[in-house]
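The structure appears right after this line, and notes come after that.
The values are calculated or read from the model by the stated rules, or taken from the named source; none is laboratory data. Because the structure is a prediction, the values reported are computed rather than measured. Neighbour counts run over all protein chains shown; Cβ positions are idealised from the backbone, glycine included. Ligands, DNA and RNA are excluded from the accessible area calculation, which covers all protein heavy atoms including side chains. Shrake-Rupley method; radii C 1.70, N 1.55, O 1.52, S 1.80 Å.
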Amino acid sequence: MRRFAAAALAAHAVQPTALELLGYAENVTFRVDTVAGDRFLLRIHRTTGSPFHPVRTVTEVESEMAWLLSLRRDVGPCVPEPVPNHEGSFVTVAEVSGHGEPRICVLFRWVAGRFRNIGLTPSNLAAVGGLMARLHDQAAGFSPLHEFRRWRLCDVAPDESAHAIDTVLDECGPDDAALVATVLDRVRHAVLALDEAPDTFGMIHGDLHQHNYLFHQGQVSAIDFDDCGWGHFLYDIAVTLSEVSLRPDARALRDGFLEGYGRVRPLPAGLDEHLPAFLALRELRLTMWVLEQRDDPGFKYWETEVRDGLLYLRDLLRRIDRGA
């Protein structure tokens, strides 16, 4: 991956002095320090995927960069700034002889700040809620000018459903596969019940959890838009709330987030009714992700994580069916 990083950076007007590996679970990311004292983040895209976690195409990554540039223009420097290469493109396809297929790479200016997980407070979540509302405000009026392709985050296509049910059937058994089928049915019901008007549907981050928002000098920023796509704003909210839903102070954190969001724009319609279904969709995506990583040595506890995920899905299904 360092060879791919060198090939990608050679296409940019930067002179790196150090590369620090930050993540490698799927995409590979490096912190890049330069001779000029600047700092960047380099993302090298994965080349494997599944119906539930598809591989990105060049057009899809270019579309992510287009939305980020639009967000920076309309909302400000609270999202990453893509850096163009020598040819003026924000996407570089790097090749390294003898090291497999080419890799899609993108370079961003470094976003300053610290993550907060332990010690996260309702006021922190209020700031995150306000930021998400600003992103949704921009998305409500966002109209791509060129070829733009991102996937739909709330719809579960037939091939995705079949993949999820079959994978869980093979690894966990028929009862859990039936649970997944029922959850998918409830998600489809929620999606059909909601319209796709600009005040409820648009481009969303899709993965705004504690390691994708960070705080600096009283401001909050969002990073890692790799999962962004078209979806209901309510699903975006569900993703953030699901990541704190099992904490002892989950209710206070949820209230803080919703209060911060509501200060900027009205909460999406159907929140009380359909939030559990979108929480379930988020949990199912995470559970499927763990299942798909089960052969990775870094996921040696995958069976425990999958079991806990399925238990949480059963609890959410009970909430959906009783209208809670």
Could you tell me which of 143, 278, 210 has its Cα farthest along the dipole of the chain towards the positive end, charges placed at Cβ (Lys, Arg +1; Asp, Glu -1), taken about the Cα centre? 210
Neighbours of residue 32 by Cβ distance under 9 Å: Lys/Arg at +1, Asp/Glu at -1, summed charge -1
From the backbone phi of the range 273-285, what are the Karplus-calculated ³J(HN,Hα) couplings (6.51 cos²θ - 1.76 cosθ + 1.60, θ = phi - 60°) in whole Hz, Gly and Pro given as x? 6, 10, 4, x, 5, 6, 4, 5, 4, 4, 5, 5, 4
With a 1.4 Å probe and every protein chain left in place, work out the accessible area per residue of the chain in Å², rounded to a whole number. 47
Roll a 1.4 angstrom probe over the protein heavy atoms and tell me the percent of accessible area of the chain that is carbon or sulfur. 51
Provide the percentage of antiparallel DSSP beta bridges, counting only those with both residues in the chain; round to the nearest 5. 95
Within 14 Å, Cβ to Cβ, of residue 183, how many net charges do the neighbouring residues add up to if Lys/Arg are +1 and Asp/Glu are -1? 0
Per residue of the range 41-46, what does 6.51 cos²θ - 1.76 cosθ + 1.60 with θ = phi - 60° give for ³J(HN,Hα)? Whole Hz please, x for Gly and Pro, Karplus curve as stated. 10, 10, 10, 10, 6, 5
Over the chain, the sum of -39500 (n - 2.57) across DSSP H runs of at least four, divided by residue number and rounded to 500 deg cm²/dmol, gives at 222 nm -15000 deg cm²/dmol
Between residue 321 and residue 31, 0.36 nm times their residue separation minus their Cα-Cα distance comes to what? 99.8 nm
What is the gain in length, in nm to one decimal, between residue 146 and residue 193 on full extension, counting 0.36 nm per residue of separation less the C-alpha to C-alpha distance? 13.9 nm
Please get the size of the charge dipole for the chain, origin at its Cα centre, with Cβ charges of +1 on Lys and Arg and -1 on Asp and Glu, quoted in debye to the nearest 20. 960
Rounded to the nearest 10, the angle in degrees between the Cα long axis of helix 122-140 and the longest principal axis of the Cα atoms of the chain comes to 80
Return the long-range amide H neighbours of residue 39 (sequence gap of 5 or more, or a different chain), with a cut-off of under 5 Å between placed amide H atoms. 110
Taking 227-237, 167-177 and ranking on average Cβ neighbours within 10 Å, highest first, one gets 227-237, 167-177
When the Karplus curve 6.51 cos²θ - 1.76 cosθ + 1.60 is applied with θ = phi - 60°, which whole-Hz ³J(HN,Hα) does each residue of the range 13-24 get, with x for Gly and Pro? 8, 10, 10, x, 10, 7, 10, 10, 5, 10, x, 8
Sequence gap at least 6, Cα distance under 8 Å: using those rules, report the relative contact order of the range 189-324 to the nearest whole percent. 21
Provide 314, 319, 285 ordered by accessible surface of protein heavy atoms (probe 1.4 Å), highest first. 314, 319, 285
